[in-house]
Amino acid sequence: MSPDLQTSKVRTPSLTTLVQQSAWQDAIVAAARAQLKQLPENCAAAKFKPTGELIVYAPAEFEPDGTLSGGVWNERVDVTGCNAPIRLNILTVLQPGGAPSRIPTMPGDTRADPATQKNALGYAQAVAIRYMTAMQPGCRQQVFTNTQFDGYTGLPIAEIQNGRPNRAWRENWMLFACGQTYSITITFTPNAKGLQLSATNPTKRG
């Protein structure tokens, strides 16, 4: 999947009906529950609620008998009951003839598609490691726990007209490291070749 793939929110009746079924939601919640266990926000009182919001990257495909046969989309799951509400994201990937793969992606409300998230995570991890090595040499515990969209910057780029994102935007990515929470601001800037990433050093949160 291209890192520059433009997301679009699409709701087809068949897909909408599918994701509202209790068995499907149970599977999405199970994936979200497994993801939460890897985050500091995890607690026994957590309650999970699929929001029904779909971000479709490849349209759902159905066989004539109604069997789901393909598609790629993200589903959001809101989690309450712990210290603070958090939104988790579960990517469903379905290849013809296979069972659905449910893959946790970055928590929060990032606007980046999954491939771009992967690139941005690697970039942010490198920034965090460099900073934490200098500030806390013994700190080895690092996990990104949330993403927050922080708005667009500048004007749309007229040269980009093929459906790709054509405007730069910022996001704050939350980092939990050795008992402290930090924020890294990442700027995503489209260009002729794809997306350029830039990031600030971690800033400690109060």
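The values are calculated or read from the model by the stated rules, or taken from the named source; none is laboratory data. Keep in mind that this is a model prediction, so the values were computed, not measured. Cβ: placed from backbone, ideal geometry, glycine included. Neighbour counts: every protein chain shown. Note: areas computed on protein heavy atoms with side chains; ligands, DNA, RNA excluded. Shrake-Rupley method; radii C 1.70, N 1.55, O 1.52, S 1.80 Å.
Tabulated values for the structure
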| read-out | value |
| --- | --- |
| Of all residues making up the stretch 20-34, the number that are open to solvent by 80 Å² or more (accessible area, probe 1.4 Å) and out of contact with any Phe, Trp or Tyr (no Cβ under 7 Å at 6 or more places or on another chain) | 4 |
| Where a residue in the stretch 34-50 is in a loop (DSSP other than H, G, I, E, B) and its partner, wherever it lies, is aromatic (Phe, Trp, Tyr), with Cβ under 6 Å and at least six apart | PRO40/PHE176 |
| Count - residues of the stretch 35-59 that are over 29 Å from SER14 (Cβ atoms) and open to solvent by 30 Å² or more (accessible area, probe 1.4 Å) | 8 |
| Among the residues listed as LEU68, LEU91, the single one being farther than 23 Å from PRO40 by Cα, aliphatic (A, V, I, L, M) and in contact with a helix residue (DSSP H, G or I) (Cβ under 7 Å, 6 or more places away or on another chain) | LEU68 |
| Odd one out for ASP150 among (1) in a loop (DSSP other than H, G, I, E, B); (2) within 16 Å of the chain's Cα centre (by Cα); (3) surrounded by fewer than 18 Cβ atoms within 10 Å (Cβ to Cβ) | (1) |
| Strands (runs of 3 or more DSSP E) wholly inside the stretch 67-111 that include at least 2 residues being charged (D, E, K, R) | 68-80 |
| Single match in GLY138, GLY194 (criterion: at positive phi and either modelled with pLDDT under 90 or over 15 Å from the mean Cα position of the chain (by Cα) (or both)) | GLY194 |
| Single residue of the stretch 166-197 satisfying the filter (of a type in the set (D, E, K, R) and farther than 18 Å from MET106 by Cα) that is most open to solvent (accessible area, probe 1.4 Å) | LYS193 |
| Hits in the stretch 137-147 (condition: open to solvent by less than 60 Å² (accessible area, probe 1.4 Å) and either free of Cβ contacts under 8 Å to residues at least 24 places away in the same chain or in a strand (DSSP E or B) (or both)) | VAL143, PHE144, THR145, ASN146, THR147 |
| Residue in the stretch 67-85 that is more than 16 Å from the chain's Cα centre (by Cα), crowded, with 20+ Cβ neighbours inside 10 Å and either closer than 22 Å to LEU39 by Cβ or at pLDDT below 95 (or both) present | yes |
| Number of the exception - ALA134 against (1) open to solvent by 50 Å² or more (accessible area, probe 1.4 Å); (2) in contact with a Cys (Cβ under 8 Å, 6 or more places away or on another chain); (3) not β-branched (Val, Ile, Thr) | (2) |
| Selection within the stretch 150-165 - without any contact (Cβ under 8 Å) to a residue 40 or more places away in the chain and within 14 Å of THR110 (Cα to Cα) | ASP150, GLY151, TYR152 |
